[in-house]
Amino acid sequence: MTDWRRETRDDYEQKGFAVRSGYGQKPALLIVDFINGFTDPSTPLGGDLTNEIAVTRDLLTAFRLGGLPVVYTTTAYDADYRDAGVFIKKVPSLSILRRGSHMVEIDDRLRPQPGEYVVEKKFASAFFGTDAAAYLTAHGVDTVIVTGCTTSGCVRASALDSMQSGYLTIVVREAVGDRAEEPHEANLFDLDAKYCDVVSAGEALGYIRQVAGAGLGGAANESFQRWWNERPKVEA
């Protein structure tokens, strides 16, 4: 941890910030905007998110084997962009995200399976103007585990609205990315101090293992435990 973060963290903790909010009993995985327009480095909005996608795949596998809810978001606009509001005035590059185009499709490395929910949004938050909260509530979710991009934009907005919607919110450090290191780190620091818990992939996977193991029986649990023991290890 760099000096500014260590000193600021100490000061925040003395003032009552950065307390752990923890985990609940029923998590959902929220994969924010890992769509081609953001994961292809050649696009105006894109960056190299190879490592973050790899960690998200590990989490996604655990959720699938555990039979736990998975939600994706994409950002997509009509051809006239009237649904983009002021956002597209601020970020004209959003014009590549036209509904029906390759740019708004979920990255093939994380391709949704039947039963996994895809939310189309217009702005930064997965919850603003969408039915994401209704879907999570209908599935009895009390904990939202967030991955995706960008840390300073749609991940931050989604994590904040997740907390404000009443969910215990977890951001997995190695599974979120941004276009630059400084805004990435600053926003992870601020999210962890005020709105959610920022945790390692190892900690998140350990929690999913506990929840999924408790909810599975027989052959399903054996399959999950086999995957757990054989999977490539991530840092705790």
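Just a few scattered comments:
- When the stretch 67-103 is filtered for residues that are under 30 Å from residue 229 (Cβ atoms), buried (at least 21 other Cβ atoms within 10 Å of the Cβ) and either in contact with a helix residue (DSSP H, G or I) (Cβ under 6 Å, 6 or more places away or on another chain) or of a type in the set (Val, Ile, Thr) (or both), only 71 remains.
- Condition check for residue 54: surrounded by fewer than 19 Cβ atoms within 10 Å (Cβ to Cβ), under 14 Å from the mean Cα position of the chain (by Cα) and hydrophobic (A, V, I, L, M, F, W, C): yes
- Taking the criterion of being in a loop (DSSP other than H, G, I, E, B), of a type in the set (Asp, Glu) and modelled with pLDDT under 90, no residue of the stretch 1-59 qualifies.
- Total residues in the stretch 102-114, condition assigned to a loop (DSSP other than H, G, I, E, B) and either closer than 10 Å to residue 39 by Cα or in contact (Cβ under 8 Å) with a residue 24 or more places away in the chain (or both): 4
- Subset of the stretch 65-81 [within 19 Å of residue 94 (Cα to Cα) and in contact (Cβ under 8 Å) with a residue 12 or more places away in the chain]: 72, 73, 74, 75, 76, 77, 78, 79, 81
The values are calculated or read from the model by the stated rules, or taken from the named source; none is laboratory data. From a predicted model like this one, the values you see are computed outputs, not experimental measurements. Please note: Cβ atoms are built from the backbone with ideal geometry, for glycine as well, and neighbour counts cover all protein chains shown.
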